[in-house]
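Visitor: Got a structure here, written out as structure tokens. Questions coming.
The values are calculated or read from the model by the stated rules, or taken from the named source; none is laboratory data. Nothing here was measured: the structure is a model prediction, and the numbers come from that model. Don't worry about glycine lacking a Cβ; one is built from the backbone with ideal geometry, like all the others, and counts go over all protein chains shown.
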Amino acid sequence: MGATDVRVHYELRRVTAHCVANNHVLSGKQFAIVALAPFIVINTLLAILICFFPPGKLLLLLTGALLAHLGACSGDIAFVQYSWRNRFRTLYTYDDASMPRTYFYCQKNEPITSLASLSGKS
């Protein structure tokens, strides 16, 4: 989506990886596409592989990888839900790799749904 400074961060201790588009602004719709792409591509690939492998250790490994990736993508899905809840507002997001933080903004004078309201708490 045009980002020039994309960084990949690996956390071997947690067995995770995530990408950061440093100081690149995305709209809420663009963010949803970027956040869901790994979920759709990797989980689909793992599910297809599972269908073609006979029972055995490799099948268990692939199934475990699918379940682990589903769980690891839960944060991305929560952010997409956040964007969806605020879909009638003009949302923007960007990453600051030096902090490291991700910021979400909406156009001035547009109320934004808080993360607490997503969990049902006021």
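Visitor: Look at the stretch 11-26 and say how many of its residues are of a type in the set (K, R) and modelled with pLDDT of 85 or more.
Guide: So the count comes out to 1.
Visitor: Go through the stretch 8-38 and give me each residue that's out of contact with any strand residue (DSSP E or B) (no Cβ under 9 Å at 6 or more places or on another chain) and farther than 14 Å from F79 by Cα.
Guide: L12, R13, R14, V15
Visitor: Which pairs turn up if I take residues in the stretch 1-15 that are under 23 Å from I33 (Cα atoms) and look for partners that are assigned to a loop (DSSP other than H, G, I, E, B) and of a type in the set (G, A, S) with beta carbon separation below 6 Å, at least 6 apart in sequence or on another chain?
Guide: Between residues of the stretch 1-15 that are under 23 Å from I33 (Cα atoms) and residues that are assigned to a loop (DSSP other than H, G, I, E, B) and of a type in the set (G, A, S), the close pairs are R7/A97.
Visitor: May I ask you to verify whether Y92 is of a type outside the set (K, R), under 21 Å from M1 (Cα atoms) and modelled with pLDDT under 85?
Guide: no
Here is a yes/no grid of residues against (1) exposed (fewer than 12 other Cβ atoms within 10 Å of the Cβ); (2) of a type outside the set (D, E); (3) under 19 Å from the mean Cα position of the chain (by Cα); (4) at pLDDT 85 or above:
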| residue | (1), (2), (3), (4) |
| --- | --- |
| G2 | yes, yes, yes, no |
| V8 | yes, yes, yes, no |
| G28 | no, yes, yes, no |
| I33 | no, yes, yes, yes |
| P38 | no, yes, yes, yes |
| V41 | yes, yes, yes, yes |
| I48 | yes, yes, no, yes |
| G56 | yes, yes, no, yes |
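Visitor: Provide a single number: the residues in the stretch 79-88 that are surrounded by fewer than 15 Cβ atoms within 10 Å (Cβ to Cβ) and in contact (Cβ under 8 Å) with a residue 40 or more places away in the chain.
Guide: 2
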